1. Fewest Cβ neighbours within 10 Å first, please rank His447, His222, His343 accordingly.
2. Just how large is the dipole of the stretch 7-141 about the Cα centre, in debye to the nearest 20, putting +1 at every Lys and Arg Cβ and -1 at every Asp and Glu Cβ?
3. What area, in nm² and to one decimal, does the C-alpha convex hull of the stretch 191-316 cast on average over all directions?
4. Using 18 Å as the Cα-Cα cut-off, could you pick out the over-long pairs in Lys200/Lys315; Lys200/Lys235; Lys261/Lys315; Lys235/Lys261?
5. Mind ordering 279-292, 324-337 by average Cβ neighbours within 10 Å, highest first?
6. Sorted from fewest to most neighbouring beta carbons within 10 Å, what does the list Asp382, Asp323 look like?
7. Using Cβ contacts closer than 10 Å as the measure, can you line up Val378, Val25 from fewest to most?
8. By how many nm would the segment from Met93 to Val21 grow when fully extended, if each residue of separation counts as 0.36 nm and the alpha-carbon distance is taken off?
Amino acid sequence: MNSNECKRVLLVDHDEAFGPVLTNVLGSGYCLTWIPRPEDTIPILERDGADVVLLNWDDEADSTGQKPSRELLRVASELPLAPPVLVFSWDAMRKTAIEALGGGAFDFFLQPLSVFELRFAIDRAYRRIALARELMAAQHLVRTKCVDGLLGNSKAMERVSEIIHKVAQVSTTVLISGESGTGKEVVARAIHRLSSRANKPFVAFSACALPDSLMEDELFGHGKGAFTGAAQSRKGRFEEAQGGTVFLDEIGDLALPLQAKLLRVLQEREVERLGSNVPIPLDVRVICATNRNLEEMVRQGTFRQDLYFRVSVVKLALPSLQDRAEDIPLLADHFLRTFSAAHGKEIRGLSPGLVTALAGYEWPGNVRELQNVIERCVVLADGAQLRAEDLPPEISHLSVSAEIHRGSFQESVRSFKREMLRSALRLHNGNKLRAAQDLHISRCYLHRLLNQLDLHVESEDGEDENLMTPDELTLSEPEAQEHTLVAAGPVQ
C-alpha cells in the first residue's frame, strides 16, 4: 500500500468546529469530510464509499424513537465493501461500548480523544479495508480468468479461459477440437453461460448418436405428413435452441449430404423442416466439436471444405490431461469433494502416494477417465484418505516413492527400490518375469535386487512364473525388523 495515499475519512458529528480541529491534528495523508447528521451519511457511503468513518455515538433519538447513529452503523456494516467505523462517545458506561462494538464498530474511544490513539486506529482500519479491496480485486481476477466447470492453473488452461471469455462476447461459430474426455462440451457450456444468450436454451447433440436416416429429422425437424407416421409437426434441435446455442459434437461424423444441409443452415440462418419448403428464421449460435482431424478429412474429401471454413471461424484446441499434468492434483481433489458429498462418504484428502501415481499415469481417457477413477476410489475406499491402494492396479503401481521413510540417502534409495519392486510384483500377482519386463530389467537382475533388498516372494510350488496373490508378497524378517527400528527410533 502506498504511504502517500490520502485516507478518505468521514467525520459524522454535530459539532461543526470539530472537523477543522481534527483535520489540523491528523496532519497530511488524511482527507477528512465533515457530515453533521448520520442520516445524511448513508447516501454518501452507498454512492461513494469511504475508507474510514468516525462516528459520534452521542446523538439523540429522532421522532420515531430510532437513533440515527445506530442505523448508520447497521447500513455501513452491510455494504459489500464495509468501511471500518470508529465510534467515539462521552458515555463511559460499559454497555455503551458493548452496544457499539456489538453493532459492528471497528473500535470504540472515550472522549476526550487521544490524537496518537486515533491516528493509529485510523491507520489500522485503513489497512484492513485496503486489504479487503485487494482481496476483492483478486477474487474478481480469478472469476474473470477462470471458467465455471473448468479447473486448472496450467498455462494451457489459462489460454483456454482467455479464448472462452473473448468468444463468449460475440456470436460467431466456434470449433472445439481435442481428444475424447478433454471437456469439449464443458467448454461449449461455459461459452454459452458467459454470453448474452445465457438465459436461452443450450441444446447439445452428438452427430454420431443416430443413423443418417434419422439425423436430418433430429436436427431440422419435420412437417405434418412428411412421412408415414408423422401425424404432427415436430421441431428439430436448431429450432429448440432458438435464441440460444446449438452444440454439435463429433461433427466429423456427419455424412456428406447432411454436411451440405448444415452449411445452408449456417449460411442462410434459416431451417426447413422435412416435408416442408417454408423457411424458418433462426437466431442461434453454433458451436461444433470434434476429436478428428477435419483438415485431413477435407484433403481426403470426407468433409466439405466450405463447411469447415464456416464452422472454424474460431478454433479452440483443448490440451490433453497429459499436457496439463500440473492440474491433476487440483482436478482429483475437486472430484474427491464432489463424489464424497454425492455418495455420503467422509474422505478428507489424497495421500502423497496416490497423487504420485496419478501424476505418473498417461490418462488416455483424459479428464473423464480421471473423474471415473476418483469416483471408483471414493466408492470403494474405507479410510478417511484416498491412498494408492485404492486405485486400479494399472495406476497404483506408479506410486513408487511416496511412502518411503526418513533416513539416510542409502536407506531412502533402498526403500525406493523396495517399493518399486513390491508395486510391480503386486501388479503382476507375483509373476517375476512379467514384473521384470514391466520394470525394463532382466529377470536375473530382478532376482539379484530381491536378494540385496531382503525382499522375499514365496510361491506355492517355488516357480518364479507362478501367479501369486498380493497377500503372498511378504517382507523378509530382516526388512520387517528394519521398519520396526525406524518406527521406534527418535524423531529426526
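Since every read-out is calculated from the coordinates, none of them should be taken as a lab result. This is a predicted model, so every value here is computed, not measured. Using ideal geometry, Cβ is built from the backbone for each residue, glycine included, and neighbour counts are taken over all protein chains shown.
1. Details: His447 14, His222 20, His343 11.
Lowest to highest Cβ neighbour count: His343, His447, His222.
2. Details: 14 positive and 20 negative charges, 116 e Å.
Using Cβ point charges on Lys, Arg, Asp and Glu, the stretch 7-141 gives about 560 debye.
3. Projected area, direction-averaged: 8.0 nm².
4. Values: Lys200/Lys315 24 Å; Lys200/Lys235 16 Å; Lys261/Lys315 22 Å; Lys235/Lys261 16 Å.
Cα-Cα > 18 Å for Lys200/Lys315; Lys261/Lys315; rest within.
5. 279-292, 324-337
6. Working: Asp382 8, Asp323 13.
The order, fewest Cβ neighbours first, is Asp382, Asp323.
7. Least to most surrounded, the residues fall as Val25, Val378.
8. Working: separation 72, 0.36 × 72 = 25.92 nm, distance 2.65 nm.
Roughly 23.3 nm would be gained on extension.
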